[in-house]
Amino acid sequence: MIHKDILYNEFVLRNAKLEDVIQMEYVQKQCYPTLHSSEILDRNHFANHLKVFPEGQLVVEKEGVIIASASSFRSNFPEHDTTFLEETDNLWITKVQIPDGEWMYGIDMGVLPECRGLGLSTELYKARTEICAQLALKGQIIAGMTIGYGRFKDTMTIEEYCHALQINKLMDPTITPQRKAGFRWVRPMYNYINDPEAGYGSMLMYLPVDENYKI
């Protein structure tokens, strides 16, 4: 389990609790204004995640207020493409959680807009790595939203946009920080998520736990 002060003791990063779910719902709504309502996590989803995989649910708080959260489940490495709703059991994770799965599949990470740029997402990815090490998992899997594609959707295809990210010709508000955190490319996932600003796509990536990692 995780509970520690981060970023010069200004914030607390810890495992989520049931009493956090209302604030986690608020963070979710503020972070994804263009995501279809059917794919927005609410307090009931967060509460169920805590029942299914409590170790994988994280929050960051400042002075008792939740300003960031991250959700995940245990999985094996995906062999074929799915949609976000298929991958997450329609956001509930109950049916997709594999108790002895070798990977942590991160399905959500949100930081309130006014708190971005401070390194909180990096700290959350580090905490996930720590949990993976504690549970002897191979690492993290994510489907990073190509949220910056909306600025280019009239001038290039989603395929061209993903290629531009791969060769560092463009930067993406979500994908670029994830790459800087160490995530490695697997493949683009088209029609993965119902968000026009992301071009309905995501990039499947993974971050292995280094064999020399120390808890």
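The values are calculated or read from the model by the stated rules, or taken from the named source; none is laboratory data. Model, not experiment: these values are computed from the prediction. Virtual Cβ from ideal backbone geometry, glycine too; neighbours counted across all protein chains shown. Accessible surface areas use protein heavy atoms only, side chains included; no ligands, DNA or RNA. Shrake-Rupley method; radii C 1.70, N 1.55, O 1.52, S 1.80 Å.
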Determine the pairs where a residue that is without any contact (Cβ under 8 Å) to a residue 40 or more places away in the chain, located within region 92-120, has a partner that is surrounded by fewer than 14 Cβ atoms within 10 Å (Cβ to Cβ) with Cβ atoms under 8 Å apart, the partner being 6 or more residues away or on another chain.
Ile98/Asn76; Gly101/Asn76; Glu102/Asn76
Out of the residues in region 147-173 that are assigned to a helix (DSSP H, G or I) and among the β-branched types (Val, Ile, Thr), which is surrounded by the most Cβ atoms within 10 Å (Cβ to Cβ)?
Ile147
What are the residue pairs meeting all of these: first residue in region 128-156, first residue free of Cβ contacts under 8 Å to residues at least 12 places away in the same chain, second residue hydroxyl-bearing (Ser, Thr, Tyr) and not in a strand (DSSP E or B), Cβ atoms under 9 Å, and 6 or more apart or on different chains?
Met156/Tyr149
Top-ranked residue of region 32-43 - restricted to ones that are at pLDDT 95 or above and open to solvent by less than 60 Å² (accessible area, probe 1.4 Å), ranked as nearest to Arg74 (Cα to Cα)
Leu41
Would a scan of region 128-146 turn up a residue that is part of a helix (DSSP H, G or I), more than 30 Å from Pro99 (Cβ to Cβ) and open to solvent by 20 Å² or more (accessible area, probe 1.4 Å)?
no
For region 152-184, which positions are of a type in the set (D, E, K, R), farther than 13 Å from Met203 by Cα and under 22 Å from the mean Cα position of the chain (by Cα)?
Lys180
Residues in region 177-195: is at least one in a loop (DSSP other than H, G, I, E, B), among the aliphatic types (A, V, I, L, M), out of contact with any strand residue (DSSP E or B) (no Cβ under 8 Å at 6 or more places or on another chain) and crowded, with 17+ Cβ neighbours inside 10 Å?
no
Pairs only if they're at least six apart or on different chains, beta carbon under 7 angstrom, first in region 186-215 and among the basic types (Lys, Arg), second open to solvent by less than 50 Å² (accessible area, probe 1.4 Å) and modelled with pLDDT of 90 or more; list them, first residue then second.
Arg187/Leu204
Does Glu10 satisfy the criteria of being touching a His at 6+ places or on another chain (Cβ under 9 Å), more than 25 Å from Val186 (Cα to Cα) and open to solvent by 10 Å² or more (accessible area, probe 1.4 Å)?
no
Among the residues that make up region 19-28, is at least one of them open to solvent by 10 Å² or more (accessible area, probe 1.4 Å), of a type in the set (Ser, Thr, Tyr) and closer than 18 Å to Asn194 by Cβ?
no
Counted residues in region 5-36 being closer than 16 Å to Glu63 by Cα, outside any helix (DSSP H, G or I) and in contact (Cβ under 8 Å) with a residue 60 or more places away in the chain come to 4
Only one of (1) aliphatic (A, V, I, L, M); (2) closer than 25 Å to Ile66 by Cβ; (3) at pLDDT 95 or above fails for Ile98. Which number is that?
(2)
